[in-house]
Amino acid sequence: MTAGGTTLIYARIAGTGSFLPQRVLTNAELERLVDTSDEWVASRTGIRQRHIAADGQTTCDLAEGAARAALAAAGVEPDEIELLVLGTTTPDLIFPSTACLLQHRLGADGCAAFDVNAACSGFIYALSVADKFIRAGTVKTALVVGAETLSRMIDWSDRATCVLFGDGAGAVVLKAATEPGILSTHLHADGGYKDLLWNPVGVSVGFKPGEKNAGVRVLMTGNEVFKVAVKTLDRVVEETLEANGLDRHAIDWLIPHQANLRIIQATAKRLDLPMERVIVTVDKHGNTSAGSVPLALDHGVRSGKVQRGQLLLLEAFGGGFTWGSALVRY
Ligand code: UT7
């Protein structure tokens, strides 16, 4: 594509990958841990099971599995990566970043590598950053990852949260191209909602070196988050369509953040999209935070549902609050 005689550069998804830990935790098993039921969890959230990282298995381990699968699908060697952006809220270490750990494992030393913490919107944020680098002509090949081990900071005696989350990772390789590609990304945040979904312990608040940090846990006022999420995702979907001059019926696939099937259904309804055109993985993966959108995308691609040339709407909402979307010609 050209504009005023100048060839535009787009970021195109060259390959996708994902990785899930082996261990599956079912709702039936959770019934033995807390006062809950498969019926409650499945009907209120759509979740039936989630994957849980093994002892010693880290966010970087999951990210590596997803990254290697995406690189193989794209036919890209690690030493071709010029930028690595990784969305996570559960890094292996406080520092170095998980992106740096992953870069070294892959043998992509030397390229820029950093983490993005935007909670469940982490992958959309990371994708948007990498898209800008490619559009600016700064890099030609980027690896974008969303990876989490949320299970490590769950209070397994809190039924309001422990039934919701799971571990997993997804990745995409972006390559510069003359045809789209990522058409637009839209990022937002409102820190005023901090207390509705958060982890009250950080390095400069509540952290006790050398002690068991029992206060590290996800806290959520679920029904309040639910209401804001539905309204906010409606708005960002409208914003994305408007920015691209598109009617809602133009979307081939909705690839949403997988927090709750009822939230996903509300967004699909807004788009007048039948659920057959929505990639749903929440039943099998639970909420994997920054891992959820790229896991769903990879599932859509590898199942043969998502085809080259189709128009995809990716969206996410999470702690911060943060939210965002990406319109992608796959
Ligand atoms: O990824 C980041 C964004 N996160 C989200 O988008 C999550 C948004 N929120 C949600 O998905 C839903 O609000 C939840 C699934 C977390 C909760 O569903 P809800 O329909 O909003 O339920 P609620 O919190 O209003 O609770 C209804 C009832 C309460 O009991 P009472 O007060 O009515 O007697 C809860 O104590 O359900 C009870 N409850 C449970 N019961 C069985 C809460 N958790 C459970 C549970 N099992 N695990």
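Here are the numbers for this structure:
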| read-out | value |
| --- | --- |
| Percent of C-alpha pairs per 5 Å bin, region 1-129, short to long | 2, 9, 14, 17, 16, 13, 10, 8, 5, 3, 1, 1, 0, 0 |
| Candidates ASP234, ASP190, ASP283: whichever shows maximal mean-square fluctuation once the chain is modelled as a Gaussian network with Cα springs under 10 Å | ASP190 |
| Count, lysine Cα pairs under 27 Å in region 205-330, 8 or more residues apart or across chains | 7 |
| Cleavage-rule hits, chymotrypsin sites (Phe, Trp or Tyr not before Pro), region 145-197, DSSP coil, Cβ neighbours within 10 Å at most 14 | TRP156 |
| Mean residue ellipticity (222 nm) of the chain, computed from DSSP H runs ≥ 4 via -39,500 (n - 2.57), nearest 500 | -9500 deg cm²/dmol |
| Among SER128, SER303, SER184: highest mean-square fluctuation, GNM of the chain, C-alpha pairs under 10 Å | SER303 |
| Between region 40-55 and region 197-274, the Cα center-to-center distance that results, in Å | 17 Å |
| GNM result for the chain, Cα springs below 10 Å: residue of LEU20, LEU33, LEU71 fluctuating most strongly | LEU33 |
| Cα-based radius of gyration of the chain once divided by 2.2 N^0.38 Å, which approximates compact folds | 0.95 |
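Read-outs throughout are calculated quantities, based only on the coordinates presented, and are distinct from any laboratory measurement. Here the structure is a predicted model, which is why all the values come from computation and not from measurement. Cβ coordinates were reconstructed from backbone atoms using ideal geometry, including for glycine residues, and neighbour counts include every protein chain displayed.
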